[in-house]
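Q: My structure is below; once you've seen it, I'll send some questions.
No lab work stands behind these numbers, since they all come straight from the coordinates. In this text, all values refer to a predicted model and were calculated from it rather than measured experimentally. All Cβ positions, glycine included, derive from the backbone under ideal geometry; neighbour counts span all protein chains shown.
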Amino acid sequence: MGNVSSRPDDGSPLYLRDQSRLTISSLSITNQRRKTLLNVVPNGFPATRVSAIRDLGDSSVVEYVQDPDTLPGAAPNFLIKVNNDEELIFNFTFIIRQSQGFLPATSSAKDVIGMMDTVINGLTYVSASTAREVENLVTREFHADPNLHKNANVQLVGDYSTGGSQSVSFEWSWKWRPPKPVEDRGGGWRNNCSFLEYDQRAHRLNTLASFSFWVSNPQPLSMPGSPSPPFHLFPPPKLRLPSSQSLDSRVSGQEQSYEDAPPSPNPLSLDMIVPQIQMADIPKVDVSCQRPGEDMSATEDGPLFRATMKALEQKTGNMRTRMKKVLRKAEAAQLAQINCNDAIGGFMEALREASNSNANAYEKQNAINLEKVIIDPLTKLYTLDIKQAESKKRDFEEESKDYYAYVSRYLGQRQDSLKQKKRAESDTKYQTKRRNFELKRFDYSSFMQDLHGGRKEQEVLSHLTKYADAQTRSYLAAAKKVEQMLPQLEALSAEVQDADKEFQYQRTELPAVPVEAVVPGTSSSGNGTSTSDSELNRSDSTGYQLRPIPTNSTTATVTNGASEKLGTQRKEGLLWALSRPGSHVDPRGLNKQAWHKFWIVLDAGKLSEYSNWKQRLDLHMEPIDLRMASVREARDAERRFCFEVITPQYKRVYQATSEEDMKNWISAINNALQKCS
């Protein structure tokens, strides 16, 4: 039949994750009459191959079909074929074995290697058409509803353990059912089945074994123009019910003589005739539901982050206006609906037939749906989230202002006036300030992204969809004409539910805040290397991208024509510098001016400075042409982490946030100098 593999993606007929933990020793497929149709057995332990054989006395050929789910360009896979014989029952025999490991030691002895019991908790059986559908069941569906066993394609097998024995064998049977109502191409159903174990610590289902097969749905051949049944040379076998004297009898004694007779040219088909289900067009809606996007909080504070937050803040105002309008209209509609209900109720009372009539049940239910599904949730969203956007913005701006003010004071400390202890305390305080700022920035970014294109916007869409669903189902109870709208609405509801499940699954897999404690001034040699924050990256002057780079600034590669001539090294980041360049005559006069932070871009053989980077990028001074410049560490500077770019006209001193960042800038500028020359 094929090979046995421990990797699920190599196309083997049977996947076993760990044969010493769980293995399938045999599989027997029987029908309703307890006749064995097929036996599947491995070649031993550990199994490397599995074989499919018929029962004794059955000389029919084991059939295979080509897997319709084979990837384009890949080698074709073949699935074993089983005919849909009234009822298919899969009888599995499993073996779990003890594993070798360290046994707990006593107080006077050391740990020893021995056999440990194997425990399998929550062994679950999942079946679907493809491996992708099985993966969807055990990930998104499982996280959306942990009671996965309510699904018709999922069954709980049980909890098993070796219990002190070297190996334990147990059996389990499963009655096959089509994984979906519509047949696949080829007149049958593709089946992908998996046995999974529940991991309580990670709250997930891990696959232990999986296999695929094909169930064919044979159709009897009809004789055109002949309404009468076909003529048979031999009469069909007579069936009788099992008696108390012979429980194993299924076919009368005359059946043995028919088996020795030559086959009829038109044998009677004993297979169950299943009506062919027409392929129905699955309704689709042209609605693009929001999906979880890239997390902006993972990028460092810079022009891209500020521009994104500014755009979201503008959208918050528009969203606030729209939600207020929706709430006003919904409340007005509810009031009008209540007045309409009262008028209709009085009219029906006047006709005396209203006592047994329920004609206005829809209007009452619609008013209830408006209040519970639209007004109450949107009022809560508007009060607790949309109106809090301004306060969130103020908190972030205050924290940002306080943080950068402290960073300026921290970098302004004289290098020769700091003692080792005081320097360590200053570095620790800087890290605390930085961690608090990053947490505040992460909180504000997550809040804004949840509000626009995130969970909050998804909640609005979900509530509106629920209201539309409830309203339409009420229409269906009142008038059959609205039934034509139900398939499109169900498709929209399914799309929204899938989006809800993806957001819920993303929340369970949300990583920790991407803030790492970095101590400035540590050496980058030996084992003392440190990794700074990731920084936002721009591929050109009009569009931005995000790439995680383990430095305080961003290095990218551009491919335009000017860069190919002057060097392809691109780097950008935040540096501190004086308001204007210093002269060669007074290199020590660095403290006569104030230090400011600039967004520095190294590209195309030039070093450009930008100010006002929180709002927009304004060029502060003419870019420095590196073809007539040099760079070195500013050893005579009174501030820490300083380097200087020397040109024939002036000397420009920059201050980085750490020693590693300073060395990275010097290295990047030197590389650009070499490519320019």
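Q: Please list 3J(HN,Hα) in residue order for the stretch 59-74, calculated via the Karplus relation 6.51 cos²θ - 1.76 cosθ + 1.60 where θ = phi - 60°; whole Hz, with x for glycine and proline.
A: Here the 3J(HN,Hα) series is 9, 5, 7, 6, 9, 9, 10, 6, 5, x, 9, 5, 5, x, x, 8 Hz.
Q: Further question on the same structure: Let a ≥ b ≥ c be the square roots of the eigenvalues of the Cα gyration tensor of the stretch 147-189; is it rounded (a/c under 1.5), or, if not, prolate (a/b larger than b/c) or oblate?
A: Note, shape of the stretch 147-189 comes out prolate.
Q: Can you give the extra length, in nm with one decimal, that the chain gains between ASN151 and SER51 once fully stretched, where that is 0.36 nm per residue apart less the Cα-Cα distance?
A: Values: separation 100, 0.36 × 100 = 36.00 nm, distance 3.16 nm.
The ASN151-SER51 span can extend by a further 32.8 nm.
Q: I've got another one for you. Compute the length gained on full extension between GLU371 and ASN43: take 0.36 nm times their separation in residues and subtract their Cα-Cα distance, giving the result in nm to one decimal.
A: Numbers: separation 328, 0.36 × 328 = 118.08 nm, distance 6.55 nm.
Once the chain is fully extended between GLU371 and ASN43, it gains 111.5 nm.
Q: While we're looking at this one, here's another question. Given H placed 1.01 Å from N in the peptide plane, which residues other than close sequence neighbours of GLU572 have an amide H under 5 Å from its amide H?
A: THR554, THR555, LEU602
Q: Can you give the FRET efficiency for GLN415 and ASP117, using 1/(1 + (r/R0)^6), R0 = 56 Å, r = Cβ-Cβ distance, to the nearest 0.05?
A: On the way: r = 63 Å, r/R0 = 1.12.
The calculated FRET efficiency here is 0.35.
Q: How high is the FRET efficiency between SER169 and ARG394 when r is their beta carbon distance and R₀ equals 56 Å, given to the nearest 0.05? Walk me through the numbers before you get to the answer.
A: Numbers: r = 68 Å, r/R0 = 1.21.
It comes out at approximately 0.25.
Q: So, one more: For a quick check: sort TRP576, TRP176 by the number of other beta carbons within 10 angstrom, fewest at the front. Intermediate values should be presented prior to the final figure.
A: On the way: TRP576 21, TRP176 18.
So the residues, fewest neighbours to most, are TRP176, TRP576.
Q: What shape does the stretch 385-503 take by its C-alpha gyration tensor, where a ≥ b ≥ c are the square roots of the eigenvalues and a/c under 1.5 counts as rounded, a/b above b/c as prolate, and the rest as oblate? Walk me through the numbers before you get to the answer.
A: Details: a/c = 7.39, a/b = 4.35, b/c = 1.70.
It is prolate, given that a/c is not under 1.5 and a/b is the larger ratio.
Q: Could you work out how far the C-alpha centroid of the stretch 307-327 sits from that of the stretch 455-476, in angstrom?
A: Cα centroid to Cα centroid, the span is 21 Å.
Q: Let me ask another. Among 594-605, 113-124, how do they line up by average Cβ neighbours within 10 Å per residue, starting with the highest?
A: Numbers: 594-605: 19.7, 113-124: 15.2.
The packing order, highest mean first, is 594-605, 113-124.
Q: Please turn the phi angles of the stretch 113-126 into ³J(HN,Hα) values with the Karplus equation 6.51 cos²θ - 1.76 cosθ + 1.60 (θ = phi - 60°), one per residue in order, whole Hz, x for glycine and proline.
A: Going residue by residue, I get 8, x, 8, 10, 5, 9, 10, 10, 9, x, 5, 10, 10, 10 Hz, with x marking Gly and Pro.
Q: For a quick protection proxy, order the peptides 181-189, 37-45, 660-668 by their average other-Cβ count within 10 Å, most packed first. Display every interim value, and only then the final one.
A: On the way: 181-189: 14.9, 37-45: 16.8, 660-668: 20.2.
So the order, starting with the most tightly packed, is 660-668, 37-45, 181-189.
Q: Then there's this: Given points 7 Å out from each Cα along the Cα-Cβ axis, report the GLN615 to HIS596 separation in nanometres with one decimal.
A: 1.3 nm
Q: What shape does the stretch 586-677 have by the C-alpha gyration tensor, where a ≥ b ≥ c are the square roots of the eigenvalues, rounded means a/c under 1.5, and otherwise prolate means a/b greater than b/c and oblate the rest? Numbers along the way, then the final one.
A: Details: a/c = 1.35, a/b = 1.05, b/c = 1.29.
Verdict is rounded for the stretch 586-677.
Q: Would you kindly derive the ³J(HN,Hα) couplings of the stretch 647-664 from the backbone phi angles with the Karplus curve 6.51 cos²θ - 1.76 cosθ + 1.60 (θ = phi - 60°), listing them in order in whole Hz, with x for Gly and Pro?
A: 10, x, 8, 7, 10, 10, 9, 10, 10, 8, 8, 7, 5, 5, 5, 4, 5, 5
Q: Which listed residue (ALA468, GLN506, ALA494) has the Cα farthest towards the positive end of the charge dipole for the stretch 441-510, taking +1 on Lys and Arg C-beta and -1 on Asp and Glu C-beta about the Cα centre?
A: Value computed over the given set: ALA468.
Q: Taking 0.36 nm per residue of separation and subtracting the Cα-Cα distance, what length does fully extending PHE78 through LEU486 add? Let's see the in-between values first.
A: Numbers: separation 408, 0.36 × 408 = 146.88 nm, distance 3.95 nm.
Computed gain between PHE78 and LEU486 is 142.9 nm.
Q: Among the listed pairs LYS392/LYS429; LYS401/LYS597; LYS329/LYS380; LYS329/LYS466, which have their C-alpha atoms separated by more than 23 angstrom in this model?
A: Flagged as over cut-off: LYS392/LYS429.
Q: So how compact is the stretch 362-417: Cα radius of gyration and Dmax in angstrom?
A: 23.9, 82
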